[in-house]
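The values are calculated or read from the model by the stated rules, or taken from the named source; none is laboratory data. Bear in mind that the values here come from a model prediction, so they are computed numbers and not experimental data. Here the Cβ positions follow ideal geometry from the backbone for every residue, glycine too, while neighbour counts run over all protein chains shown.
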Amino acid sequence: MQETRRIVAKFGGSSLADAERIKGVASIIQRDPARSVVVVSAPGKRAPKDQKITDLLLELHGRIRQGAPSDVVGNLIESRYRGIVEGLGIEFPLNDEMREMYTRAQGSGGSRDYMASRGEYLSAKIVAKTLGFRFIDAAGRIRFDEQGRFNEASALRTDLKVPSVLPGFYGSMPDGSIRTFSRGGSDVTGAIVATEIGADVYENWTDTDMRMADPRIVPDSRPIRRLTYKEVRELSYGGATILHPDAMRGVKDAFIPIHVRNTFAPNEEGTLVVPDNGNHVEHGGITGIAGRRGFTTITLDKMFMNEEVGIEEAALRVFRERGISIEQSTGGIDTISIIVDNNLLGDQRDEVLRALQQVCNPDKITEDRNLALVAVVGRGMVRTPGTSGRIYSALGDQGINIKLALQGASELSVILGVDDKDCDDAVRAIYSAFVPKE
């Protein structure tokens with residue numbers, strides 16, 4: 001007997017921002033009985049100047065902890081949920097839920113993670129009620145270890161045999177306390193659930209299509225219809241944020257495709273993320289382009305550096321011992337360049353420079369604090385001669401200086417360092433060089 005097809009459908013905050021949008025989500029779910037497991041985020045922004053529920057909850061937590069007035073923020077949260085419940089026309093014990101949340105927030109169990117998770121928790125309960133599905137709390141099912149790392153979620157295999165809705169973004173520690181993933185972590189929850197139940201597809205519903213370039217930079221950027229897990233990782237590294245970077249860990253190993261869909265254009269094809277894209281090649285071998293600002297390059301110069309055993313490891317250890325992860329390192333015969341996110345370097349900048357001087361004893365240390373990284377990604381690049389040359393020419397024609405260039409042996413991506421102020425222009429120039437106007 002053929003097994004029933006199963007889809008895990010995750011919906012982001014913009015898809016659940018108000019009652020009308022939740023009705024749209026319900027319609028999408030009801031169109032296909034295979035969408036039997038739903039993962040939801042907290043309600044997001046209804047308009048650009050609106051606030052996300054998670055941000056309001058964190059503000060409320062801070063005010064309660066500081067003993068500051070919290071009624072205004074609390075009323076905003078309750079009003080948002082009341083509008084959703086009334087707009088959906090469902091019976092829901094909102095007063096009881098809010099009272100429970102306030103009681104926990106004012107006691108020892110009301111941690112920051114607990115409060116941050118309540119947006120997803122209430123959202124899942126409301127969506128479950130709307131659909132007539134079973135509500136499954138992520139706490140106790142998605143488990144973290146003592147170090148706060150995701151551990152296991154095996155209980156879901158039994159729990160999710162009936163149509164169910166789960167809150168994304170959080171799970172629980174061994175002591176039962178709530179633990180959240182990083183922001184955007186509902187994507188990770190969806191991937192965990194899809195892996196545990198052996199889903200046929202993991203659908204990730206959001207408010208935009210996955211495009212070759214950020215539409216805020218290239219307004220007419222073409223949609224990407226198909227790409228690989230590795231290409232998504234490379235684009236995420238470059239700043240594209242459609243999927244949480246950790247969302248592919250489990251599904252990749254289980255060979256579960258991710259189908260990125262637009263909630264507001266549900267009939268569109270969307271983007272399929274697969275293990276292997278075969279011989280499918282996008283424009284000139286390029287799948288997508290993404291840029292990210294806010295990096296520093298620290299370069300160490302020293303004559304005969306190549307003859308010193310372990311000097312690069314010693315330099316990298318300076319960062320590791322201070323809990324600073326590096327983005328990339330590169331170099332020549334007498335140089336090492338280390339690229340670091342400015343936010344991670346923070347107020348340790350001077351200390352790091354002193355330590356590098358002491359440990360490596362270079363002739364000179366220089367800094368460039370205004371670096372942006374532009375990633376040009378595509379599996380077809382390796383099969384398309386001259387791709388790198390076209391990229392460099394496109395930037396040169398626009399007078400954009402390339403400060404550094406990194407390319408792996410697989411030629412899956414080229415990462416270029418440009419000045420912060422040139423980041424958007426670089427993305428536009430490369431896009432125009434590879435994608436003809438329609």
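Listed residues S27, S15, S79; which is within 30 Å of L160 (Cβ to Cβ), loosely packed, with under 15 Cβ neighbours inside 10 Å and not aliphatic (A, V, I, L, M)?
Exactly one of S27, S15, S79 is within 30 Å of L160 (Cβ to Cβ), loosely packed, with under 15 Cβ neighbours inside 10 Å and not aliphatic (A, V, I, L, M), namely S27.
In the range 123-144, which residue that is of a type in the set (G, A, S) and surrounded by fewer than 18 Cβ atoms within 10 Å (Cβ to Cβ) is farthest from the chain's Cα centre (by Cα)?
Taking the candidates together, the pick is G132.
Look through L156, L166 and report the one residue that is at pLDDT below 90, surrounded by 19 or more Cβ atoms within 10 Å (Cβ to Cβ) and farther than 30 Å from Y431 by Cα.
L156
Restricting the search to the range 91-111, which residues are surrounded by 15 or more Cβ atoms within 10 Å (Cβ to Cβ) and either in contact with a Gly (Cβ under 6 Å, 6 or more places away or on another chain) or in contact (Cβ under 8 Å) with a residue 40 or more places away in the chain (or both)?
Across the range 91-111, the qualifying residues are R104, A105, G110, S111.
Looking at (1) surrounded by 19 or more Cβ atoms within 10 Å (Cβ to Cβ); (2) out of contact with any helix residue (DSSP H, G or I) (no Cβ under 7 Å at 6 or more places or on another chain), which one does P219 not meet, given that it meets all the others?
(1)
Just need a number here: residues in the range 144-168 that are basic (K, R) and closer than 13 Å to E196 by Cα.
Residues that pass the stated criteria total 2.
Pull out all pairs, ordered by first then second residue, where Cβ-Cβ is under 7 Å, the residues are six or more apart or on different chains, the first lies in the range 131-144 and is more than 25 Å from R31 (Cβ to Cβ) and in contact (Cβ under 8 Å) with a residue 24 or more places away in the chain, and the second is among the charged types (D, E, K, R) and part of a strand (DSSP E or B).
R143/E152; F144/R179
Rundown of residues vs (1) within 30 Å of D220 (Cα to Cα); (2) modelled with pLDDT of 90 or more; (3) surrounded by fewer than 16 Cβ atoms within 10 Å (Cβ to Cβ), yes/no style:
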| site | (1), (2), (3) |
| --- | --- |
| I326 | no, yes, no |
| N342 | no, yes, yes |
| V352 | no, yes, no |
| L356 | no, yes, no |
| V359 | no, yes, yes |
| G378 | yes, no, no |
| M381 | yes, no, no |
| A409 | no, no, yes |
